[in-house]
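Asks: One structure is given below, represented as structure tokens, and several questions about it will come after.
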Amino acid sequence: MAAKPRVLSGIQPTGGIHIGNYLGAIRNWVAQQDQYDNLFCIVDLHAMTLPYDAQTLRARTLELASVLLAAGIDPARSVLFVQSDVREHTELCWILGTLATVGELRRMTQFKEKSKGNERVGAGILFYPVLQAADILLYDAAYVPVGEDQKQHIELTRDLAIRFNHTFGETFVIPEPDIKPTGARIMSLTNPLKKMSKSDPDPDSRIELRDPPDVIRRKIRRAVTDSETVIRYDEEHKPAISNLLTIYSLFADIPIPELEQRYAGKGYGEFKRDLAEVIIEKLTPLQARLAEYDAHPERVIAILTEGAARARELAAAKMAVVRERCGLGLPRLESLTISPLQTALSSQ
Ligand code: ATP
Ligand code: LTN
């Protein structure tokens, strides 16, 4: 049987996972597990690029692993691990960084956004996409399932891989982004022109996977809508209702045109009431599984420990090749015509 193509994706332990992360990325990781050879990485080193608290980071790393398992990441079919458990990520990051230019890193939208208005911009934010490239290239990933916002970072990853291959010989697989046409950019509930985000200071802007039913009902009730009351998909003129239709369609697995028909002549109130129930229905079983993992952190730690061991094996093998190609470290004795040992002996 031919080996399945490899998939790798990452997610930051920076806060409560929301339905944007779920619909744009996690749901697809889960659905495609049989199709690919999967690695999913909790990128704690990336989470260090903005000010953070050490204890909170560690707690969130474990919490995120529980969420991913509850969402359906199956350790029997996917390797789930913590980025900082595999030292090779930082080593390859350095090597790729020597091939990247400051100009291209400064042009990254995320760098521009996260450094905007700040007097002191950490160099980690500039290097963020290089570390991401290392995550992907280290494992020869063919596909990277992500939300729309990551497209530019995958493009840079491809450029760095091509550059490395030209300089040092064919070493890395050139990865492709896997961005779905629907759900790749879920918008904020309070401002449909901004993407739903963990870092938005307003918790009403997002629905977190851990939100209880009454909180979900309240957030959907308060979600902004557009001026005319017709329930119709029109991203340009009706971004708010289009976003809610997308969420409804993905959670209920009903095509958008069918929803438009179903709610023809009905008001936003009824639509929103139904939407809240659809989300609750999907999240309730996930939350029940989550409660199990929360009650048994030792199970989650065991899965991550095993995942890290497997990832380390793959990463070590790849780095041996990379180090060889780049000329790092000492020469191998058998590669020398006269070994240093012989030279030393003959001069005695
Ligand atoms: P934040 O939500 O704080 O901006 P982030 O963008 O740093 O978080 P991560 O947790 O690192 O998000 O991303 C995990 C995955 O979720 C990525 O594949 C990302 O593209 C996807 N994602 C994040 N926000 C959304 C969204 N609003 N809609 C669709 N996918 C999203
Ligand atoms: N930058 C990504 C998280 C991330 C990632 C990766 C995604 C880090 N390393 C490797 C895919 C593959 C984000 O979603 N903010």
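The values are calculated or read from the model by the stated rules, or taken from the named source; none is laboratory data. None of these values were measured; they are calculated from a predicted model. Here Cβ is always computed from backbone atoms with ideal geometry, including for glycine, and neighbour counts include all displayed protein chains.
Asks: Is the range 228-246 home to any residue that is aliphatic (A, V, I, L, M) and surrounded by fewer than 18 Cβ atoms within 10 Å (Cβ to Cβ)?
Replies: yes
Asks: Can you list residue pairs whose Cβ atoms sit under 6 Å apart, with the first residue in the range 145-170 being closer than 25 Å to Asn28 by Cα and among the polar types (S, T, N, Q) and the second being within 15 Å of ligand 2 (Cβ to nearest atom) and assigned to a helix (DSSP H, G or I)? Count only pairs 6 or more apart in sequence or on different chains.
Replies: Short answer, once both residue conditions are applied: Gln152/Thr109; Thr157/Ala133; Thr157/Ile136.
Asks: Kindly indicate whether any position in the range 60-75 is assigned to a helix (DSSP H, G or I), of a type in the set (S, T, N, Q) and over 19 Å from Ile17 (Cβ atoms).
Replies: no
Asks: A further question follows. Test of understanding: among Ile254, Ile241, Ile220, Ile247, which residue is among the aliphatic types (A, V, I, L, M) and in contact with a helix residue (DSSP H, G or I) (Cβ under 6 Å, 6 or more places away or on another chain)?
Replies: Going through Ile254, Ile241, Ile220, Ile247 in turn, just one is among the aliphatic types (A, V, I, L, M) and in contact with a helix residue (DSSP H, G or I) (Cβ under 6 Å, 6 or more places away or on another chain): Ile220.
Asks: Only one of Val79, Val67, Val86, Val130 is surrounded by 19 or more Cβ atoms within 10 Å (Cβ to Cβ) and farther than 19 Å from Ala47 by Cβ. Can you tell me which?
Replies: After applying the criteria, what remains is Val79.
Asks: Can you report the number of residues in the range 11-30 which are small (Gly, Ala, Ser), within 7 Å of ligand 1 (Cβ to nearest atom) and touching a strand residue (DSSP E or B) at 6+ places or on another chain (Cβ under 8 Å)?
Replies: 2
Asks: Please determine whether any residue of the range 163-174 is touching a strand residue (DSSP E or B) at 6+ places or on another chain (Cβ under 9 Å) and within 16 Å of ligand 2 (Cβ to nearest atom). Give the derivation first.
Replies: From the range 163-174, those touching a strand residue (DSSP E or B) at 6+ places or on another chain (Cβ under 9 Å) are 173; that's our starting set.
Within this subset, residues satisfying the condition of being within 16 Å of ligand 2 (Cβ to nearest atom) are 173.
Within the range 163-174 (the criterion being touching a strand residue (DSSP E or B) at 6+ places or on another chain (Cβ under 9 Å) and within 16 Å of ligand 2 (Cβ to nearest atom)), the answer is yes, since at least one residue qualifies.
Asks: I'm trying to understand the selection: among the residues of the range 181-204, which are part of a loop (DSSP other than H, G, I, E, B), near ligand 1 (Cβ under 7 Å from one of its atoms) and of a type in the set (D, E, K, R)?
Replies: First, pick out the residues of the range 181-204 that are part of a loop (DSSP other than H, G, I, E, B): 181-186, 188-194, 196-202.
Of the ones still in play, those that are also near ligand 1 (Cβ under 7 Å from one of its atoms) are 183-186, 196-199.
The answer is Arg185, Lys198.
Asks: In the range 282-332, which residues are more than 25 Å from the chain's Cα centre (by Cα), exposed (fewer than 13 other Cβ atoms within 10 Å of the Cβ) and more than 24 Å from Arg58 (Cβ to Cβ)?
Replies: Ala320, Gly327, Leu328, Gly329, Leu330, Pro331, Arg332
Asks: Further question: Give me the helices (runs of 4 or more DSSP H) completely within the range 252-348, filtered to those with at least 1 residues that are at pLDDT 95 or above and not aromatic (Phe, Trp, Tyr), ordered by residue number.
Replies: 256-262, 268-295, 297-326
Asks: Among the residues of the range 32-53 satisfying the criterion of being closer than 30 Å to Ala252 by Cβ and in contact (Cβ under 8 Å) with a residue 40 or more places away in the chain, which is farthest from the chain's Cα centre (by Cα)?
Replies: Asp34
Asks: Of the residues that make up the range 81-89, is at least one β-branched (Val, Ile, Thr), touching a residue at least 24 places away in the same chain (Cβ under 8 Å) and more than 26 Å from Ala295 (Cα to Cα)?
Replies: Within the range 81-89 (the criterion being β-branched (Val, Ile, Thr), touching a residue at least 24 places away in the same chain (Cβ under 8 Å) and more than 26 Å from Ala295 (Cα to Cα)), the answer is yes, since at least one residue qualifies.
Asks: Within the bounds of the range 205-224, is there any residue that is at pLDDT below 95 and in a loop (DSSP other than H, G, I, E, B)?
Replies: Within the range 205-224, not a single residue is at pLDDT below 95 and in a loop (DSSP other than H, G, I, E, B).
Asks: Run down Asp178, Asp149, Asp140, Asp135 and say which single residue is within 12 Å of ligand 1 (Cβ to nearest atom) and closer than 21 Å to Arg310 by Cα.
Replies: On the way: Asp178 fails: closer than 21 Å to Arg310 by Cα; Asp149 fails: closer than 21 Å to Arg310 by Cα; Asp140 fails: within 12 Å of ligand 1 (Cβ to nearest atom).
Only one candidate passes the filter, namely Asp135.
Asks: Return the residues of the range 1-50 that are away from ligand 2 (no atom under 14 Å from the Cβ) and crowded, with 24+ Cβ neighbours inside 10 Å; say none if nothing qualifies.
Replies: Within the range 1-50, Ile19 is the sole residue that qualifies.
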